[in-house]
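Encoded as structure tokens, the structure appears first; notes follow it.
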Amino acid sequence: MSKLVPRKKILIVTHNQFGYHIDYLKYATYLTKKYDIAFFCWDYNLEKHTVDDVDIVYVPRCGNILYRNYKFIIEIIKVIRRNNFGLIFMNYFNGCSLVRILLLGSKKLFHLDIRTGSVREKKWKRTIENTFIKYETLFFSSKSVISEGLKRSLGLPKNTVIVPLGANLIPVKIKEFSHFNLLYVGTFYNRNIHQTIEGISKFLKKNTRIQVCFNIIGNGDKITESIIKRAIEEYKLEKVVILKGYVTHNKLVSFLQEAHVGISYIPITEYFQYQPATKTYEYLLAGLPVLATKTHENQRIINLSNGVIINDDSDSFAAGLEKLITNYNQFDSRVIQNSAKEFEWHTIVDCMDKKIINKILK
């Protein structure tokens, strides 16, 4: 009788509380089919999420910034030393190289995954932060990054693997057409969402017979949220624009199924050019045509069959929305979904397993 081969153990490390970074939630969920998964993260005192067979280790965020980051690193090292992990899969955070340095004498295998470069508005701050990211990657022989553009921007080596964003395929629902239901999902921080509201106002003034409803889902700091609320009041769109706030990922499906158009509004700046948006993939895999600003990453996936590309201003938003709605019958939800099939989460995690994890653990 053949002996059962024990499952290899992987520790996933990220600053984000479990369930609040969709990429790492999906990594843990799909990798449990093949590996024993432990998840190490901050406890932000948010609602706790669980996934069967994922062991979650929380670290309280107490004390000043230096103390709590010191505590986070020390607790990682304790967990690693107490357990026989085959791989430590680490989401980049400031100071992550210290974990690698403090464990240089061990035979533990590490992988560093970078989901974002610096998105600071001031170039000198971006330069410093991106230089520090590049420096810290030198302590990891195995690395991955979210896009080819960010890989080039950070000057990462050729063997750095691309692990893109993803989304789940959502069943297409037959929708009512008494009005067009627009949907934005994502952060409000540094996104200029108020410009989309001004764009809605301009669109409605020109297209008086078309009714729209615009659901905005997400959150930001008090300043960005107040700017959005003021824009809604200024343009008297209280009955058109609905600020939903934060919605958990499991409750997002119903909004995607009821929507007619997905809004991927990202400022066209140097620091957002190579930063893909989760929302773009979620819209496409829900079969929604997307009104998207022309960042490098949006232009890679949005085409005539699945959306309209626009500039990042209210006039372009209004014109793009008119073009999309006027030609709405030309879009086919199945064609739109097929244009993004390679970005389904199970496909991405399977590819990541083959290109990274399986190679390290073999």
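The values are calculated or read from the model by the stated rules, or taken from the named source; none is laboratory data. This is a predicted model, so every value here is computed, not measured. Positions of Cβ are backbone-derived with ideal geometry, glycine not excepted, and every protein chain shown enters the neighbour counts. Heavy atoms of the whole protein, side chains included, go into the accessibility calculation; ligands, DNA and RNA do not. Shrake-Rupley method; radii C 1.70, N 1.55, O 1.52, S 1.80 Å.
Derived scalar couplings between HN and Hα for the range 46-55 equal 8, 4, 7, 10, 9, 9, 3, 6, 9, 8 Hz in order, rounded to whole Hz, by the Karplus curve 6.51 cos²θ - 1.76 cosθ + 1.60 (θ = phi - 60°), x for Gly and Pro. Can you compute the FRET efficiency between residue 329 and residue 61 using 1/(1 + (r/R0)^6), with r the Cβ-Cβ distance and R0 = 51 Å? Round to the nearest 0.05. The pair residue 329/residue 61 has a calculated efficiency of 0.50. The calculated FRET efficiency for the pair residue 296 and residue 249, based on their C-beta separation and a Förster distance of 35 Å, comes to about 0.85. For the chain, the longest principal axis of the Cα atoms and the long axis of helix 194-206 meet at an angle of about 20 degrees.
Pairs over the 26 Å Cα-Cα cut-off, from the set 9/158; 78/107; 205/239: 9/158. Within the range 227-288, the chymotrypsin sites (Phe, Trp or Tyr not before Pro) that combine a DSSP coil assignment with at most 15 other C-beta atoms in a 10 angstrom radius are 246.
Among the GluC sites (Glu not before Pro) found in the range 137-241, those both in a DSSP coil and sparsely packed, with 16 or fewer other Cβ atoms within 10 Å of their Cβ, are 176, 238.
Go ahead and run the numbers for FRET between residue 346 and residue 236, Cβ-Cβ distance against an R0 of 35 Å, rounding to 0.05.
The computed FRET efficiency comes out at 0.20.
Here the accessible area is traced with a 1.4 Å probe on the protein chains. For the chain, carbon and sulfur cover 53 percent of it. Is the shape of the range 255-339 best called rounded, prolate or oblate, per the rule: a/c under 1.5 gives rounded, else a/b larger than b/c gives prolate, else oblate, with a ≥ b ≥ c the square roots of the Cα gyration tensor eigenvalues? Oblate.
On a per residue basis, the chain carries 51 Å² of accessible surface, using protein heavy atoms and a 1.4 Å probe.
Across the range 37-44, computed HN-Hα scalar couplings (Karplus, 6.51 cos²θ - 1.76 cosθ + 1.60, θ = phi - 60°) run 10, 10, 10, 10, 7, 5, 9, 8 Hz from first to last residue, x flagging Gly and Pro. Helical runs (DSSP H, four residues minimum) scored at -39500 (n - 2.57) apiece and divided by the length of the chain put the mean residue ellipticity at 222 nm at -10500 deg cm²/dmol.
Under 5 Å from the amide H of residue 241 lie the amide H atoms of 214, each residue being 5 or more positions distant or on a separate chain, with H modelled from the backbone and absent for Pro and chain starts. As a quick test, which of the pairs 48/244; 294/362; 206/341 have an alpha carbon distance above 30 angstrom in this structure? Violating the 30 Å limit, Cα to Cα: 294/362; 206/341.
Exactly which GluC sites (Glu not before Pro) in the range 259-362 are in a DSSP loop and have at most 12 other Cβ atoms within 10 Å?
Passing sites in the range 259-362 are 270.
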